[in-house]
Each structure stands twice: as C-alpha cells, then as structure tokens.
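Values in this text are rule-based calculations from the coordinates and carry no lab data. Quick caveat, the model's predicted, so the values are computed rather than measured. With ideal geometry, Cβ positions are generated from the backbone for all residues, glycine too; neighbour counts draw on all protein chains shown.
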Amino acid sequence: MSEALLDVYPRLPIHLERAQGQCLYASDGRELLDLYGGHAVTPLGHGHPALTRALCEGHRELDFFSNSLHMAVQRRAAEGLLEGSAHLRHAHFVNSGTEANEAAIHLARRLSGRKKILSFDCSFHGRTQASLAATGLPGYRRRLSVPEDEAFNGFISFGAQDDLAAIDESVAAVLCESVPSLAGVLMPPEGYYPALEARCREAGALLIFDEVQGGCGRLGHFFAHERFSVQPDMVTLAKGVAGGYPAGALLVTAGIGAAVEHGELGTTFGGGPMACRMIETTARLIREEGLLQRVGQIFARIAAGVKPMEGVKLRGAGCLIGLTSRLPAKMLQKRLLEANILVGTSADPRVLRLLPAYTLTDEEIDRFLDALGSALAEA
C-alpha cells in the first residue's frame, strides 16, 4: 500500500485495476467473481452501460451546482425513488448512509421534542457521532470519542418483543437497521416489526428504517420495510442507491415534510446533478429490468445449491445473504478467494456475507456453488 494513504483499512491481497459486470480484474491477471459488490454498492454490477451513459451525459449537461437553485434532475431522482411508495412523499439527498441517519435523528429529536433514540443492540448505522452513538455493535461503540449518555441513546434486543416496553414517552424515535447485516444478516421474527411499529405509535415515537443495505431492491422489494409490512416515518438509503456513485437519501412522509424548516438540513454536494442522474437511472433500471424478481431467484438458486452441503445454513433474503458452515468465515473467505471468488465476512466470525449484484447469472451462481463445495471438502 502507498505510504501516502492513511492506513485505516484492512485490505485483502488484491490490487484491483478494473471491473466489468460481476468480474474484478487484478494487476496479477486474475479475474475474480465479485459476490460482495463493494459492500452492497453495485446492484447493477460494474460498468452498466446505461449508468456510464447517464454519468457522461450528466457531466456534459450540468456537472454541478449547489442546492440554491432549482434543478429538474433532482426532482426526477426524488420521484424515481418515491415511485410506488404507499406513504413516503419527500426526499432529501445527502452523500452517505451515515449522513442520512444523522439527518433522520436530528428531525426526530426536533419534531418530537424528545432526546432519546432507541436502536438494536446488534445494529450498525455509521461512523459520524449520532449514527455511531446509535450503533449497537460493541466493537464500534468502543470507538466513540464522546461520553455515552443514556438520556440520548438506548438499546433493545433485536427480535425480542418483551423489549418493546422500553419504547415510552421519553423516546424520540426507534432507529431500525432493517436487516442487521454487519451483525451477521439477522432476519426478524414473524410479526416483530408490526409489533414494534404499533408500540411506537402508542408511545408517540417516530419509526426510522435504516435501509442503507436492505433498501433499493436488495430484499426483493424496492423498500425493505415493504417486506415487513410496516410504514416508517423516515427511511434512509445509500450504498446501492446510485449504482456505485456516492450518494444517500432521507425519505419522509408528507407530515414530516410539512414540518421541516429552511436551513435545518443542508449539504454542499448532496443532491448534486450527477449523483441525481445516477439515482434516477438506477431506480428506473431496477424496476424496468425486472431485478426485484431476479433477487428472489438468486436467493432461491443459492439456497437450493447449498441444501445438500452438510453443515451449511443460509439466512437473509434476496441479495443480502449470510452463510454459515463448519469453517470459520475468514477461513472460508480465504479458500474462496483462492478460487477467484470474492465474498465478505461480518462481525460474527461464523457468518460469511454475500451482497452480489442483482444481475448475477445462473452460471455465475453455479460457479460459486462449485467453489464453495470444493472449499468445504478441503481437509
């Protein structure tokens, strides 16, 4: 690694030169099948021609201007994200998932007049102050640079309905990571999210869904909350929202939109015209190319393929997949990498994560399954 780079990332021994489709090309000539998508960032794979055109055309037409002027591309991007939503009406564009979560937390506290944010004990919401304070994973909480304050944050056990009693009149909002991914791809028990939503309504607390990984079609619905039959007051998006271009979004109901004041949210680069081109195009392609259906087919084919493999279990949905086996996840990741298959790990040392593009083919799935079987068969 170049000494000019601050050494903050543990990196795999791959020197990446280019990418196309589901393939990564390294400097040593290796071609790797990408089943991790840069942390769920490339739902359309790498180098999708429509995204390339959108980026080039967007730069020629309007490379950048601030949010002090009206830009039609922002309106189109917002309408593209909100299309089909039963209750979300407004979008605020930012640059990342943590920034979207910060904006949601601010609005929840300001509009409710309360301070406390509840979140899951296994959640991850980002690395900025309010988002990190709401992150339940202990390894990340230890990195807080400010003292923890129970008046501002609390945690409930994911999936435990008994813990819902903690949602009381002191709580501004409950921030839910739709599927706790870094924790090991944890799915909620049947009926858990409707019960949580009902308790929020009783206590007057807002419901925020962090769909940074689970949204934009990854679970087979455009919004993760649709899979769980709830209607949150706010939804945060990022990762795949712009097909690989850095962007995030906060989506809110009409009621919250009517209460937002000029100047209380803001960003220089968020909602830039090129980012909005990519958001608009990504949302359209996910719907037009039938990819919401395809993610379900991908999960089903992988599930069928691992079923006969002794000790292998699958969790998750669509293209947000956790896999456990008799091997530690890092050992299995290493063996798959030797077979030119790139996968991810998680905070749970047993759980391998797959976050592939929605355009993954059956042949590519079978290539992974063959490599997985061989990796598990090694002594």
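How far apart, in nm, are the 7 Å Cα→Cβ label points at D370 and Q293?
With each label point 7 Å from Cα toward Cβ, the separation is 2.8 nm.
With point charges of +1 on the Cβ of Lys and Arg and -1 on the Cβ of Asp and Glu, referenced to the Cα centre of the chain, which listed residue (Q333, H59, G318) lies farthest in the positive direction of the dipole?
Value: Q333.
Rounded, prolate or oblate: which fits the range 67-152 when a ≥ b ≥ c are the square roots of the eigenvalues of the alpha-carbon gyration tensor, with rounded for a/c under 1.5 and prolate only if a/b beats b/c?
Numbers: a/c = 2.21, a/b = 2.05, b/c = 1.08.
Because a/c hits 1.5 or more and a/b exceeds b/c, the range 67-152 counts as prolate.
Give me the number: length gained by fully extending Q161 to E3, i.e. 0.36 nm times residue separation minus the C-alpha to C-alpha distance, one decimal in nm.
My answer for the length gained is 51.9 nm.
Rg and Dmax of the range 49-288, using alpha carbons, in Å: what are they?
Values for the range 49-288 (Cα only, Rg and Dmax): 17.4, 56 Å.
How many angstrom separate the Cα center of the range 169-232 from the Cα center of the range 66-123?
Rounded to whole Å, the Cα centres lie 15 Å apart.
Give me the extension gain from E150 to E79: residue separation times 0.36 nm, minus the current Cα-Cα distance, reported in nm with one decimal.
Computed gain between E150 and E79 is 21.7 nm.
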